[in-house]
1. Arranged by the count of other C-beta atoms within 10 angstrom, fewest first, what order do Asp229, Asp215 take?
2. In the structure shown, do any of Lys407/Lys433; Lys123/Lys149; Lys281/Lys474; Lys281/Lys488; Lys38/Lys100 have a Cα-Cα gap over 19 Å, and if so which?
3. Need one word for segment 1-124: rounded, prolate or oblate. Basis is the Cα gyration tensor (sqrt eigenvalues a ≥ b ≥ c); a/c below 1.5 gives rounded, then a/b vs b/c decides.
4. For segment 117-239, what is the per residue volume of the convex hull drawn over the alpha-carbon atoms, in cubic angstrom?
5. What is the fewest-to-most order of Glu56, Glu276, Glu305 by other Cβ atoms lying within 10 Å of their Cβ?
6. Please give the peptides 157-164, 193-200 ranked by average Cβ packing (other Cβ atoms within 10 Å per residue), highest first, as a rough proxy for protection.
7. Label segment 3-239 by shape, choosing from rounded, prolate and oblate, from the square roots a ≥ b ≥ c of the eigenvalues of the Cα gyration tensor; if a/c is under 1.5 it is rounded, and otherwise prolate applies when a/b is larger than b/c, oblate when it is not.
8. Placing +1 at every Lys and Arg Cβ and -1 at every Asp and Glu Cβ, with all other atoms neutral, what dipole size does segment 79-166 have around its Cα centre, in debye to the nearest 20?
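Throughout, read-outs are computed from the coordinates displayed, never taken from laboratory work. Keep in mind it's a predicted model, so treat the numbers as computed, not measured. In this analysis, Cβ positions are derived from the backbone assuming ideal geometry, glycine residues included, and neighbour counts consider all displayed protein chains.
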Amino acid sequence: MFESAELGHRLSKADYEVIEPDLRTHLLNAQFELLEKKGFATVVLINGIDGAGRGETVNLLNEWMDPRHIEVHAFDRPTGEECERPFLWRFWRALPPKGKIGILFGNWYSEPISDRAFGRIKKARLDQRLSELNRFEAMLAAEGVLLVKFWFHLSRAGQKKRLKALEANPDTRWRVRDADWLFYEEYERYREVAEHVLRRTSTGLAPWVIVDGSDPNYRAVQVGQTLLDSMQRKLDALGKGYRQRVTAPPIPAPVDQRNLLNALVLNQPLDKKAYETQLEKLQGRLALAVRSEAFARRSLVLVFEGMDAAGKGGAIRRVTQALDTRQYAVIPIAAPSDEERAQPYLWRFWRRLPREGKVAIFDRSWYGRVLVERVEGYCSEADWMRAYAEINDFEDQLVSAGTIVLKFWLSVSSDEQLQRFKAREAEAFKRYKITAEDWRNREKWPAYEPAVCDMIDRTSTENAAWILVEADNKYFARVKILTELVEKLESAIRK
């Protein structure tokens, strides 16, 4: 894959001086068209061999374009805070909003390549990570992100010459570290791993561009022209109103009309006295579990979903009563803000993930895409159809990073919901809980039921299974939620 980059491409100074002014002008124009339209974000990945001109190229792009609208992020080894979250967490946080260009130096490819090259992980683990990255990049592309991936290549002899030249100059000597010479000693191994990675992750949605790093003039023009062409094609497609087509077959409805929700017996018996006795015991067990030394090395994410008035708020309060207020955060999810709309859909949830020893409680969640957005038509069919796999990937990454993920669907009957709506209207201190939107959503019950069943069926996984809660009796629902939470939490921290 690197053969063409070792041909020794050259561009004379005279030719460079002819090309450079026009290229700069067109890049700047494309940047400001992107900023004006705000139709997509541009993410530029900078990877490659030490000494191949990556840093100089990033500086040049900042010089050629308006640096106020370019976000440059250079990643080193992850910090302690970053190690407590999934691998991709710190990169998610660095994604630029629509209209901006983000340059990620030392991005999600750097650590897997170096870990494999220096024997810290096996090939099977590397390939697993590459599959995750392919799905991650496919999701970014589907969200409209323009992903441009550059690999700066240099031969071993060229790398040695470059490092010696930098060391010989007092002004640049500081740029050569012991680690650079270590990479030089392992050049062939590093190249072998890098070639494998590039072949596995050069896709139609996000292909790699190999940059010959031996000649600064050629390198600069190649990168600048590639970025310009990529942005211009995306801008042109945006102007033509291109929309993603749906190619997947529709999800079939059960012929006998029996489904996961209507098969539940929603009014389960439990009186108030038995409820209070069990509540106290379960809250005590929960308090001990989250204060244990074992949980200090884990984190907990709780997801509460359900129809309006199903009792999510009451259930959450019974959970938080057992927790230290410094240990948890309740995160109510409403319509996304302008800042959140400028990012991929899952971005606003990634940024709220808890650290070790902490609990994040989501009152509604990322499942809005396959529920309210699907039913209300806020996203295309292509968007919510692909969201099932993207959500499963997201939750798998949480669990792989040590997070315990528990998801509760509170199921309430239509008759019980109606009684609760009327009770809320009758009580002055509960009127804030009922709005015209709740009544409107009630009319869409027939559309929500199949959406809920599809969600449960397609996102109940071994790592993060849905727990269905019969919620017509609030006492029973709260006890069931706490019982499931305590038992699964105790089991997880014992491991």
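1. Least crowded to most crowded, the residues run Asp229, Asp215.
2. Lys407/Lys433; Lys123/Lys149
3. Since a/c reaches 1.5 but b/c is at least a/b, the shape of segment 1-124 is classed as oblate.
4. Dividing the Cα hull volume of segment 117-239 by its residue count gives 131 Å³.
5. Fewest to most other Cβ atoms nearby, the residues stand as Glu276, Glu56, Glu305.
6. 193-200, 157-164
7. Verdict is oblate for segment 3-239.
8. 580 debye
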